[in-house]
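To start, the structure under review is shown below, and the notes come after it.
The values are calculated or read from the model by the stated rules, or taken from the named source; none is laboratory data. The shown structure was predicted, so the numbers you read here are calculated from the model rather than taken from an experiment. Positions of Cβ are backbone-derived with ideal geometry, glycine not excepted, and every protein chain shown enters the neighbour counts. Surface accessibility is based on the protein's heavy atoms, side chains included, excluding ligands, DNA and RNA. Shrake-Rupley method; radii C 1.70, N 1.55, O 1.52, S 1.80 Å.
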Amino acid sequence: MVIGGEMTGDGTVKGTEETDGSAGTDDRRIAESPGPTIRAGGTVRLSSRDPKVARTVDIPPPSESYLAATLVPSTRLSTATSKPPLLILDLNHTLVHRPSASSSSNPIPRPFLATFLRYILLSDAKWTVAVYSSAQSKNVLRMISSIGLVDTQRADAYPRGKAWETKEGDLLALVWARENLGLSAREFGRNVETVKDLAEVWEKTNCGEWGVERTVLLDDEMFKAQIQPHNHLPITSFYPTNALPRVVPLAPHRARSTSPSPLTPSTPPTVPAPNTSGDDDSALLSTIYFLHHIRDESNVAAFIRDGGVDKLREQAGGEDGAVQEGKRICEELGVRVVREWDAKWTKW
């Protein structure tokens, strides 16, 4: 399992750690940036009031084989016999808030983060968990060590640019970072839109055994999941009260093929209104509720494509009901429900 890697002359070179290039560099500037314009054939022009953010990149639409796989009906598996599915986690604005690259060692944890991590990693309903962030690898290691996902001393001593390898007993099965996004040297150190192609994860690591049917990407940005949209579980962007953006980011468009096809992607899950309540955020509890039901689906992409997440929200009576269901699930599993961050969550 790896994190990042040395970047070479083919367009993958290390950027400066201070500028990092990911969304934590300047939240307000990114919040005020207009969304991407989708051109025919899936070409995306990303415009911004800051010309340094603008770029043109070909983003492929969901492949026909991918869409075909999402049409295979999902059935319920037995929790006792099924292998835990793969949950790929974003970091900034999903699990934590990082005001800048320089604050990677001390990001602000999202409310109920300790409860969420305990549920997905150490409860009877645990998942196989990976991290995939658009921040640079050194900063990713700092962020995940700050919330107890890797050993701090080991992360601090790790050579910059060296592929991170997991050891027996590690909590995470995989860690990927900005170096894995295929950015050009020019794009790497800039705050540009990025896309996480899960096919790269499945093909280049031993995570391929999960594939389309058993992988969930938890990310606050829909744009990042546009190549495999039905493996995406949306979550609102987290900003602490004193760091709320002046303009709430809009859900970006997806690139789609212009050729007619019976396998055209269906409507993605409804994303609740972007969080503006800061410290009152409870999104990780409702996410526990959704994950708890998705976990035993034989084809999570088909479940999401068929509106399964929205149906779960409706069954719970809305987002507030989903939060209460998340609490109930944790209580049944013996997982503490704690709003405040607890660095000792692995010892509960």
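Details
- Flag if Glu213 is over 24 Å from Asp280 (Cα atoms), open to solvent by 40 Å² or more (accessible area, probe 1.4 Å), in a helix (DSSP H, G or I) and modelled with pLDDT of 95 or more: yes
- Boolean, Leu117 is part of a helix (DSSP H, G or I) and in contact (Cβ under 8 Å) with a residue 12 or more places away in the chain: yes
- Test: residue in segment 177-199 that is under 30 Å from Ala322 (Cα atoms) and assigned to a helix (DSSP H, G or I): yes
- Exactly one residue among Ser286, Ser298, Ser282 is touching a strand residue (DSSP E or B) at 6+ places or on another chain (Cβ under 9 Å) and hydroxyl-bearing (Ser, Thr, Tyr), and that residue is Ser298.
- Enumeration of residues in segment 321-335 that are surrounded by 13 or more Cβ atoms within 10 Å (Cβ to Cβ) and either in contact with a Cys (Cβ under 9 Å, 6 or more places away or on another chain) or not in a helix (DSSP H, G or I) (or both): Val335
- Sole residue being open to solvent by less than 10 Å² (accessible area, probe 1.4 Å) and at pLDDT 95 or above, chosen from Ser65, Ser133: Ser133
- Test result for Ile120, surrounded by fewer than 21 Cβ atoms within 10 Å (Cβ to Cβ), under 18 Å from the mean Cα position of the chain (by Cα) and at negative phi: no
- Conditions (1) open to solvent by 10 Å² or more (accessible area, probe 1.4 Å); (2) modelled with pLDDT of 70 or more; (3) out of contact with any helix residue (DSSP H, G or I) (no Cβ under 9 Å at 6 or more places or on another chain): number failed by Asp281: (1)
- The one condition from (1) basic (Lys, Arg); (2) farther than 19 Å from Lys196 by Cα; (3) not in a loop (DSSP other than H, G, I, E, B) that Lys138 does not meet is (2).
- In the set Glu165, Glu203, Glu193, only one residue is open to solvent by 10 Å² or more (accessible area, probe 1.4 Å), farther than 18 Å from Ser104 by Cβ and under 16 Å from the mean Cα position of the chain (by Cα); that residue is Glu193.
- Scanning segment 168-190 for residues that are at pLDDT 90 or above, crowded, with 18+ Cβ neighbours inside 10 Å and of a type in the set (Asp, Glu) yields a single hit, Glu179.
- The one condition in (1) of a type in the set (S, T, N, Q); (2) within 20 Å of Ala101 (Cα to Cα); (3) modelled with pLDDT under 85 that Asn206 fails to fulfil: (2)
- Long-range neighbours under 7 Å by Cβ, at least six apart or interchain, first residue among the polar types (S, T, N, Q) within segment 324-348, second not in a loop (DSSP other than H, G, I, E, B): Thr346/Leu122
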